[in-house]
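Below is one structure; the comments refer to it alone.
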Amino acid sequence: MDNQKKDFLELELDIGRRLSNLTDVHVDEEFKNKLWEDLKFKYNETNPVKANKTYNTGTAKCKKKGLYMKWGAIAVAVLLVITFLPLRETNDVEMSSLLSPTQVFALGGSDLALDAGFNTLRDVRFEVKEALPTAPPKGQIFRLQSKLTTVDDYLRMAKNMGMKNPEVMGKESQESVSQFFSIISGKHYLMVWPKSGVWEYEYRDYELDELDSDLEEGKVKENVEDDQKIDQEMAKAIAEEWLKKLEQLPHEKYKMTVEDTRNSDIPVALGFNVVFIPESSPDANKSVETGRRIRIFIGTEGQVINASYNWPELKETSEIPLADYTEAIEALNRGEGRFNVKRYWGEKGVASIEDVEIGHQLAYGIDYTPYLVPTCIFAGKFTSQETTQDFTASIPLLKKPAMKNAANFAIKTKLPEYRKKGNLIAERQQGLTQAELESLASFFGIEKKSQEENSINGTKGEELHYTSYDYGWLYRGQTHTTTKQLSEEKAVQIAQKIANDIPVVPGTLGKPWILPTGGEEFYTIGFPFIYEGIPVVTPSFPGYVSYIVISLYKDGTLWSVDSKMPMEAMGEKMKLISPQEAKQMLLENDYIMTIDNLFGYSYGDRFAADKSTVTKIELVYIPCHPELARSKDYTLMYRFSGKTIISGNEMDFAAFVRAQKEH
Amino acid sequence: MEVLTSEQELHLVKQAQIEIAAFSRLYQFYLPKLYNYAFYRTGSKQEAEDVVSFTFIKALEHLKKGEIKNISFKNWLYKVCSNIIIDNWRKSSRAECALPCYFDNNDVDFSEKIDDKLIILQTFYQLSAEQQQVLLLRYVQDLSICQVAEIMGKSEGAVKQLAYRGLKNMKERMAQGNG
């Protein structure tokens, strides 16, 4: 045994053992439960096997999950929030309605994109310091095409990667193959999004049975740096050669950058990150981060470890009218577009625009056809909290539709009665009072075993406590096994009876719906809290913000009651516009829309559809910052919901029109 | 202590694609482990909660897409968790955990052998981020060198070297009284 190995073993016995004796950190039970609730919801939401079913509300819907690829799956750099554009007047390129990246902003200059749409978290006012040149009235839009289109194309490429007997996963469903599939062979793993032409490759240097943890002779190297057998130029050549072998080297001019990860100050695999970006194509603009690119990570010994590829080739082009810079700046001030600075945490500031240039960025059609759309990139200085730094902000220059009612709304329901004023509400700011706790404990028949300030434990294992993350409360009953199964209708009746009798409820109860989270063991039934006739809803599907969930074992025995995000009146009232006025605003494209299964928000002034049928109109409370776990402010909006048809696809939508009367 | 064999884990991962109970089992089993790991790496309860939340959300998404195949779920979780921590550091331009927030946390019981644990932790947080990661995974999380190598995307030799240097640094610092 050499000295180093002996030394290592001694160190493991001493320091290693002391490290292993460090105390376990306990997971907060509330956090654990809350996260599990979220995961359960997400599980059922994304499970194509289970439908999200409403009960007796007249709005039952069976989601066509998996019809559209989740945007997050494409590639981080092109995470999009969606806006549709009516480009039907252009004849040269046959285009579907276009989804364009207009409302994305990046935190800290990273690729992390958050959607905005209601009140954006970005509190930046864009100003023009000096007069900008006039924007060109027209610009080019490009339709792109992936070089590979079929599963066989990708299988051929997989073989060129060195994959022997590659196996296609996800072939079980034709729908799945058309959106995403993977090819696996030994340590090679290839993920493909064929519609957009994006693929990712990974060489996973491990085997499941490689479990040996002991030191092996000859494996410890004197110095990690000695691993490096290639340099940057060699890495570039290897990356180029690899793409050539795959017949994926871009035909257009490109340039390469190389990052030597040995210089990284954070723990990453050692090697070279080779990135290909366009050199003279429309998207060859360094300011626009959402262009085409290829990244290949070359290991220290010259092997390709992983790669991501997003380089569909230019196919067709067409000239389209462009918006002017004033419109673009207005949109940025509304919170749309990308805003890039080195550090930004949502603080208030002023972005003083000094320069502008036009580039192109990637955007996708509803059928995932990739396009390069004209985009303007503003640059200047951003000042906030007495610091000034450079910024860029980019936003597509696609012109808004001039036509009224571009979504082709047909109202197939009565307008609600006009309420001239609505109460303002806020999330409850304190936990249960002692009296409320006692009253609930009595209602659930808990025989106290122990009691703390905000919780009571029962002698039969029951528990009741307030939930600190939303100042709601949670009751859990006794564990129970059953073989008997009631019908859904009967379970809803039982839940309704319990809900009606619960003593601590912040509003009245709305109609019940079955949550898809009960699984085999439970019926989980939700009741929205209604505040003077108005529910608190999320802008995205499905749901409610403030509601109560009752879980029953399948035989009808109560398991749990969870009162979520109770609200309280603020004592102020908001003057409201009439439903007729709201309808008028809807028809004038003045709304924000969410579409089931699609990520983010669509703005009415850039949305177009073949047909949209409104079947329900109601006043709702909406959190002003739906992207946050807790929202300080809530506002009232008219929600118009129904079905919209875009390029032959029918989808559920909800269009929100602000209800507040302007002074 | 519950143990999950790799065979059981593989079975659960497969089942979890269609059955929430299987996913629940994986969640119950791995949440405390990941939370511990994230907490010791970030030194913050809040950050650890954020990190494990993102990790499980990602796990769920990948499970549903059938993308966690031919890989140990455990290794995958730690890898994703580590990447999220690194991403957070990148975003905040922070290269290491701040020690004080660790000691502010009431969820850690230091009543037993507190002096030794304090010294160990103080020295531990003086190591490079990579060395911290290796030591946490290897000795606190009790993973094999092979698993650590997979999680960190490094060769086993590189991991052993990092572990060796990390332990040696700690020993030297403690001997010098710098801990």
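Just so it is clear, none of the values below were taken in a lab; they were calculated from the coordinates. Being a predicted model, the structure only gives us computed values, none of them experimental. Every residue, glycine among them, receives a Cβ derived from its backbone with ideal geometry; neighbour counts consider all protein chains shown.
Derived scalar couplings between HN and Hα for the stretch A:606-616 equal 9, 10, 9, 8, 5, 6, 9, 10, 8, 10, 8 Hz in order, rounded to whole Hz, by the Karplus curve 6.51 cos²θ - 1.76 cosθ + 1.60 (θ = phi - 60°), x for Gly and Pro.
What ranking do A:Y544, A:Y638 get, fewest neighbouring Cβ atoms within 10 angstrom at the top?
Working: A:Y544 20, A:Y638 25.
Least crowded to most crowded, the residues run A:Y544, A:Y638.
Within 10 Å of each residue's Cβ, count the other Cβ atoms and sort A:T149, A:T613 from fewest upward. Display every interim value, and only then the final one.
Working: A:T149 12, A:T613 17.
Taking fewest neighbouring Cβ atoms as first place, the list is A:T149, A:T613.
Counting only residues at least eight positions apart within a chain, or on another chain, the lysines with an alpha carbon under 21 Å from that of A:K244 are A:K147, A:K159, A:K164, A:K236, A:K253, A:K255, A:K315. Each principal axis of the Cα atoms in the stretch A:342-446 has its own extent, and those three values, largest first, are 68, 51, 35 angstrom. Excluding same-chain residues fewer than 8 positions from A:K381, which lysines have a Cα within less than 25 Å of its Cα? List returned: A:K129, A:K286, A:K342, A:K348, B:K91. For the residue pairs A:K34/B:K117; A:K511/A:K616; B:K58/B:K154; A:K40/A:K484; A:K421/A:K583, alpha carbon separations beyond 26 Å are given by A:K34/B:K117.
Which of the three applies to the stretch A:430-571, rounded, prolate or oblate, going by the alpha-carbon gyration tensor with a ≥ b ≥ c and a/c under 1.5 meaning rounded? Walk me through the intermediate numbers first.
Details: a/c = 1.90, a/b = 1.03, b/c = 1.84.
Oblate shape, in that a/c is at least 1.5 and b/c is the bigger or equal ratio.
If you stretched the chain out fully between A:Q485 and A:M234, how much longer would it get, using 0.36 nm times the residue separation minus the C-alpha to C-alpha distance? Spell out each step's value before the answer.
On the way: separation 251, 0.36 × 251 = 90.36 nm, distance 6.69 nm.
Extra length from A:Q485 to A:M234 when fully extended: 83.7 nm.
Ordered by the count of other Cβ atoms within 10 Å of each Cβ, fewest first, B:K64, B:K171 give B:K171, B:K64. Taking the Cα atoms of the stretch B:110-179, the ratio Rg/Rh between the radius of gyration and the Kirkwood radius comes to 1.02.
Per-residue mean of other chain beta-carbon atoms within 10 angstrom of the beta-carbon, peptide B:118-129? Walk me through the numbers before you get to the answer.
Values: counts 0, 1, 5, 2, 0, 2, 4, 0, 0, 0, 3, 3.
Mean inter-chain Cβ contacts per residue within 10 Å come to 2.
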